[in-house]
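In what follows, a structure is listed as C-alpha cells, so that the remarks can point back to it.
Every number in this text was worked out from the coordinates using simple rules, so none of it is lab data. Because the structure is a prediction, the values reported are computed rather than measured. As a convention, Cβ positions derive from the backbone with ideal geometry for all residues, glycine included, and neighbour counts pool all protein chains shown.
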Amino acid sequence: MTMKCRCLRVFTFAVFVLILPSALFAQPLTLEESIAIALKHSFVINIAKEGTRGAEAQKKEAMTGFLPKFSTSYSYTRLNEEPNFYFPGFPTLMPAGNMITGTINNYNWVVEARQPLFAGGGILANYEASKVAEDAARVEETAKTLDVVLDVKIAYFNILRMQRLTDTARRQVEMLGAHSEVADNFFRVGLIPKNDMLQAGVELANGKQTLVKAKNAVQLTKARLNTILKRDVLTPVEIVDILDYKPMRQSFDECLGIARQHRPELKISALRVEQAGKMVSAAKSEFFPAVSLVGNYARFGDTASLSGTQYKDTESWQVMAVTSWNFWEWGKTKYRVDAGKARENQAMDQTRELNDQIALEIKNAFLVLQEAESQIAVSQKVIEQAEENFRIAEARYKERVARSTEVLDAQTLLTKAKAEYANALADYNIAHARLQRAMGVVHQ
C-alpha cells in the first residue's frame, strides 16, 4: 500500500512539473499586453529607432560646423641638391660664388586651427535642416508604432472572430448530432423514410468538416498573432475575449479634426517642407563669401627631431583672416537654389495631397464602421428570428408534421445568423481600429 502511494505521488509530481509551465505560459493575453509585447520586439520599431539614432547623429555632425577644426601634418622632403643662388660678389670685399640657402633634408610639422566666422548662413541652415530631419525621424517612429498596434488589433480580433465561428460550428455539430439521432430512431420505427435519415447524416458530416476548418482557421490566426509578437508560431495563445459592441461617439468632422492634429504622416510631411526650405537657405549661402580665422604653428629641421637649421628657425606661427568667394561658376549656385525651391514646392504639394488622402481614408473608415454597426443590429434581430424558426421546425419534426429538410434548413439559417453576428462584431472592432489608425491615435 505504501509503495502504491509513493508511485502515485511521483506520478502526480511529474504531471505537475510537465503541465505547470504550459499552464503558466497559457495565461490569457489582454489586448494591451499583446500590444506591449509587439512594440517591445518589433523589427519595424527597431528600424525606426535606428533611423532616429542616425538622424540624431547627423544633427550632431552638422553642429560641428560651428566649431573650430584642428589638423596636423608631418612631412619629409629631400631635394636633389642644397638650395643656393649665385652671388656676384663685391670687388675687393667679397668674391663671387654660389651661396647655400637651405638643406637637402627638410622635415616639417604643422598644426593648424581654422574657425569659420561667416559662411552666408550655410552652416546654420544645414544644422537646422538636420534638426528637422531628426524631428521627422521621431515622428516616423510614432507612425510605425501605430502600424504595429493596428496589426496586433487586427490579429487579435480575427482570433476572437474565428473562436466565435468555431463555437458556432461546434454547437451546430451538436444540434445536427441530436437531430441525426432522432432521425435514426424515427427511421428504425418506420416513421420517416430512409432518405430523411441519410440527409441528416450527410449534414452532420458536413458540419463536422466545417468545424475542422474553423479550428484550423483559429490556429492560423493565432500563428499570425505569434508572428507579430515575434514568437514561435507554435506557441500556445490564449487571449481575453473582448469582442463586443461599443458605440462610436465621434462624428466624421470630429474624427477628421483629430486626424489633422495627431496623424504622424501629416507632421512628417510638414517637417519635410520645413527641411526643404532650410536646404534652399543652405544653397543660397554660396552666393556669399566665406570668412575664416586661421592659425598655425610649425616646426622645421633637417633631421626628424625638428631642431631647426642654420638657415631657418626651429619654429614659427601665424594667425590670419581668410576670405574666399567663388563669385563665378556659370550659374551653378543659382541652379542649386532653383532645384531646392522646386523640391520645397514639391513637398508643399505633397502635403496638400496627403491632406486629401487622409480625409478620404477617414471617410472610408467611418463608413465601414457604420456599415458594420448596422450589421450588428440586423444580425441580432436575425438570430432571434432564426432561433424561433428552429424551435418551431424542431417541434414540428418531433410531432412528425414536418420533414427533416425543414429542420436542417432552420439549423442552417440559425448557424448562418450566428456566424454573421460574430463576423459583424469582428468587422466592427477591426473597422474601429482602422479608424483610430487613420486618426493617428491608439485609443479614442
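Of note:
- When the chymotrypsin sites (Phe, Trp or Tyr not before Pro) in segment 283-355 are filtered for DSSP coil states and for at most 12 other beta-carbon atoms within 10 Å of their beta-carbon, the remaining sites are Trp325, Phe327, Trp328, Trp330.
- Hits among aspartates and glutamates - C-alpha to C-alpha of Lys59 under 16 Å, sequence gap 8 or more where chains match: Glu50, Glu128, Glu134, Asp135, Glu274
- For segment 116-180: rounded, prolate or oblate by the Cα gyration tensor [a/c cutoff 1.5]: prolate
- Square roots of 5 times each gyration tensor eigenvalue, C-alpha, segment 208-318, largest first, Å: 72, 31, 11
- Of all the options Lys332, Lys144, Lys153, the one that moves most in a Gaussian network model of the chain with Cα springs shorter than 10 angstrom is Lys332.
- For segment 37-134, dividing the convex hull volume of the Cα atoms by the residue count gives 197 Å³ per residue.
- Exposure rule at most 14 other beta-carbon atoms within 10 Å, DSSP loop GluC sites (Glu not before Pro): the chain longest free segment: 82-237
- Within the shell defined by Cβ-Cβ distances under 10 Å, the residues around Ser292 carry a net charge of +2, with Lys and Arg each +1 and Asp and Glu each -1.
- Here the gap between Trp325 and Ile376, fully extended at 0.36 nm per residue and compared with their Cα-Cα distance, gives a gain of 11.0 nm.
- Cross-link pairs beyond the 21 Å C-alpha cut-off, checked among Lys363/Lys418; Lys246/Lys363; Lys153/Lys246; Lys246/Lys381; Lys144/Lys341; Lys131/Lys278: Lys363/Lys418; Lys144/Lys341
- Here the spin labels are modelled as points 7 Å beyond Cα on the Cα-Cβ line, and at Gln261 and Val294 they lie 5.6 nm apart.
- Translational diffusion of segment 63-112, µm² s⁻¹ [Kirkwood Rh, Cα pairs; Stokes-Einstein; 10 °C; 1.306 mPa s]: 108 µm²/s
- Divide the volume of the convex hull around the Cα atoms of segment 261-333 by the residue count and you get 221 Å³ per residue.
- To the nearest ten degrees, helix 252-262 and the longest principal axis of the Cα atoms of the chain are 30 degrees apart.
- FRET efficiency, Gln209 to Leu234 (Cβ-Cβ, R0 30 Å, nearest 0.05): 0.80
- Gly54 sits among other residues whose Cβ lies under 15 Å from its own Cβ, and their net charge, with Lys and Arg +1 and Asp and Glu -1, is 0.
- Calculated FRET value between Tyr76 and Ala359, using beta carbons and R₀ = 51 Å, to 0.05: 0.15
- Each Cα pair of the chain feeds into the Kirkwood radius, which the Stokes-Einstein equation turns, at 25 °C and 0.890 mPa s, into a diffusion coefficient of 80 µm²/s.
- For segment 294-386, the gyration tensor built on C-alpha atoms gives a prolate shape. Its axis ratio a/c (a ≥ b ≥ c) is at least 1.5, and a/b is the larger of a/b and b/c.
- Segment 319-444 - Rg and Dmax from Cα coordinates, angstrom: 32.3, 115
- A helix-only calculation puts the chain at -24000 deg cm²/dmol for mean residue ellipticity at 222 nm, using -39500 (n - 2.57) for each DSSP H run of at least four residues, averaged over all residues.
- Modelled label reach - Glu112, point 7 Å along Cα→Cβ, segment 300-341 residues with backbone N closer than 12 Å: 320, 322
- Unit Cα scatterers, Debye sum, segment 85-135: log10 I(q)/I(0) for q = 0.13, 0.24, 0.28, 0.31 Å⁻¹: -0.64, -0.96, -1.04, -1.11
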